[in-house]
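The values are calculated or read from the model by the stated rules, or taken from the named source; none is laboratory data. Every value quoted in this text rests on a predicted model; they were computed, and no experiment measured them. All Cβ positions, glycine included, derive from the backbone under ideal geometry; neighbour counts span all protein chains shown. To get the accessible areas, we keep the full protein, side chains included, count just its heavy atoms, and leave off ligands, DNA and RNA. Shrake-Rupley method; radii C 1.70, N 1.55, O 1.52, S 1.80 Å.
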Amino acid sequence: MTQPRPRHDDARYSEVLLLPTLSQLRRRLPPLLAGITGIGVGIGLSVRARFGLSPWDVLHQGIAKQANLSIGVVVILVGLVVLLAWVPLRQRLGIGTVINTVCVGLVADATLAVVPRLEAVVVRLAAFVTALLCMGFGGGLYIGAGLGPGPRDGLMTAITARGHRLWVVRTSIELSALVAGYALGGSVGAGTVVIALSLGPLIHLALRRFHLPVHTGTQETLGE
């Protein structure tokens, strides 16, 4: 008799292809790079929109203000620190983890260098909506590539792998980052609430659409 499917199988999204072949890289690197670029662009646009940053970026901006660094540099430095939390969680490191840790902050700073300060409310609103979509679908694209999550999403996927809903875990982690960032002087606004409540579900939606399944070893599945 066929076993009933579980109510949800979000843990499969945390699977990482540790030793990808060249053909697997050709398939998986494009969504990985597109997703990471989307996240970096989203961070930059959210700063320019000035409706409030994502919870993690409230933390990044707060640290940046205190340390007199660019937000992109802080994104990289915080990512390196968060990687230390992976040790007790036994989260697996992949190629995507390294690329994410280094590149998201660089793309964010590049976006801020290209996009000037926005003044018109309509333009700022458009930038905010674009930022939210970039971060949500960017997260789903690069995690779904199966080459390893970034430092912050590694926390999310490691906890999700223990049987919790992905969007619930994401929201919980980001709300914690929000509190710390606000204490350090990061920008909080109505947009922060929107991002905190909607980014997790957006990533979940994108993962369901773009996830490339893998086994826990080095072989890929043929489909879902």
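Quick check on Ser23: is it among the hydroxyl-bearing types (Ser, Thr, Tyr) and under 16 Å from the mean Cα position of the chain (by Cα)? Answer is no for this residue.
Might you let me know whether the stretch 56-65 holds any residue that is of a type in the set (Phe, Trp, Tyr), part of a helix (DSSP H, G or I) and open to solvent by less than 20 Å² (accessible area, probe 1.4 Å)? Among the residues of the stretch 56-65, not one is of a type in the set (Phe, Trp, Tyr), part of a helix (DSSP H, G or I) and open to solvent by less than 20 Å² (accessible area, probe 1.4 Å), which makes the answer no. Filtering the stretch 20-47 to residues that are within 26 Å of Val73 (Cα to Cα) and of a type outside the set (A, V, I, L, M) leaves Pro30, Pro31, Gly35, Thr37, Gly38, Gly40, Gly42, Gly44, Ser46.
Looking only at the stretch 108-117, decide whether some residue is open to solvent by 40 Å² or more (accessible area, probe 1.4 Å) and outside any helix (DSSP H, G or I).
To start, the set of residues in the stretch 108-117 that are open to solvent by 40 Å² or more (accessible area, probe 1.4 Å) comprises 109-110, 113-114, 116-117.
Now drop any that are not outside any helix (DSSP H, G or I), which leaves 116-117.
Scanning the stretch 108-117, I find at least one residue that is open to solvent by 40 Å² or more (accessible area, probe 1.4 Å) and outside any helix (DSSP H, G or I), so the answer is yes.
Scanning the stretch 194-205 for residues that are in contact (Cβ under 8 Å) with a residue 60 or more places away in the chain and open to solvent by less than 50 Å² (accessible area, probe 1.4 Å), we see that the one that is nearest to Thr97 (Cα to Cα) is Ile203. When Pro20 is tested against (1) in a helix (DSSP H, G or I); (2) surrounded by 21 or more Cβ atoms within 10 Å (Cβ to Cβ); (3) at pLDDT below 90, only condition (1) is not met. Can you say whether Ala158 is assigned to a helix (DSSP H, G or I) and at pLDDT 85 or above, as far as the supplied structure shows? No; evaluated as a whole, the condition is false for this residue.
Pairing residues of the stretch 180-193 that are surrounded by fewer than 19 Cβ atoms within 10 Å (Cβ to Cβ) with residues that are in a helix (DSSP H, G or I) and among the charged types (D, E, K, R), at Cβ distances under 6 Å and at least 6 apart in sequence or on separate chains, gives Gly185/Lys65.
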